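Here is the structure we will look at, set down as structure tokens.
All of the numbers you see were taken from the coordinates with simple rules; none came from a lab. Small disclaimer: the values here were computed from a predicted structure and weren't measured. FYI the Cβ positions are ideal-geometry reconstructions off the backbone, even for glycines, and counts take in every protein chain you see.
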Amino acid sequence: MDIILFFNTLFGFMTIVSWLITASIFYLYITKRTFSKLITEQFLNYAISVASFSAVGSLIYSEVVGFIPCKYCWYQRYLMYPIALVLIASYFKKNLFKFGYVSIFGFFLSLYHIYLQNGGGDGGACALDVPCSLRYVDIFGFISIPVMAGSGFITIFAAILYYDYAREQISE
């Protein structure tokens, strides 16, 4: 099997699954449903997993597959890597998890990158060597690398938002 096809299929599948889980987490938050402390802790673990897989996925695409990141891909990496590291550290020191709220900025940056990739703004040219309009990945005609990154950011945000809310409800 071709390595590009393998990773595109894997990350595309993970993106769709993250949408379903994120929608479920927002539903739990809106309906104010909570679980036991044991289950609530899994939302932090999920945020840590998504951030870690997102960071590793970006490295796989650039270092293993050979895709050269554009300027906005780098900006998204600049946000995702520290989020992943701090969330991993929050596994040991619980109060660090609130840094995960920064992921909302990454989500909006991804939205702008998606806009550029689809011909918005200045046509998507953000660099001479690698334009932001370049689609290395095109799954189902709409899942691209910025869509995957945005999905990661919003999933981390939702998981941290719910974790923070549920933790407060349990402690009351």
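Summary table
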| item | result |
| --- | --- |
| Cα→Cβ-extended label distance, 7 Å offset, between N45 and Y81, nm | 2.8 nm |
| The chain, helix-only ellipticity at 222 nm - DSSP H runs n ≥ 4, -39,500 (n - 2.57), divided by all residues, nearest 500 | -23000 deg cm²/dmol |
| Spatially near lysine pairs across the range 1-102, Cα under 24 Å, sequence gap of 8 or more or different chains | 5 |
| Kirkwood Rh in Å, taken over all unlike Cα pairs in the range 1-88 | 14.8 Å |
| Where only alpha carbons of the chain are counted, the Rg and the Dmax (Å) | 16.7, 55 |
| Selection from Q42, I16, Y165, by position along the positive dipole direction of the chain (Cβ) | Y165 |
| Order of Y162, Y61, Y115 under a 10 Å beta carbon neighbour criterion, fewest first | Y115, Y61, Y162 |
| Label-point separation, V56 to K32 (7 Å along Cα→Cβ), nm | 3.9 nm |
| Sequence ranges 95-103, 146-154, 49-57, ranked by mean other-Cβ count within 10 angstrom, highest first | 146-154, 49-57, 95-103 |
| Cα centre as origin, Lys/Arg/Asp/Glu Cβ charges: the chain dipole, Debye | 480 debye |
| Crossing angle, helix 103-117 versus the chain [Cα axis fit, 0-90 degrees, rounded to tens] | 20 degrees |
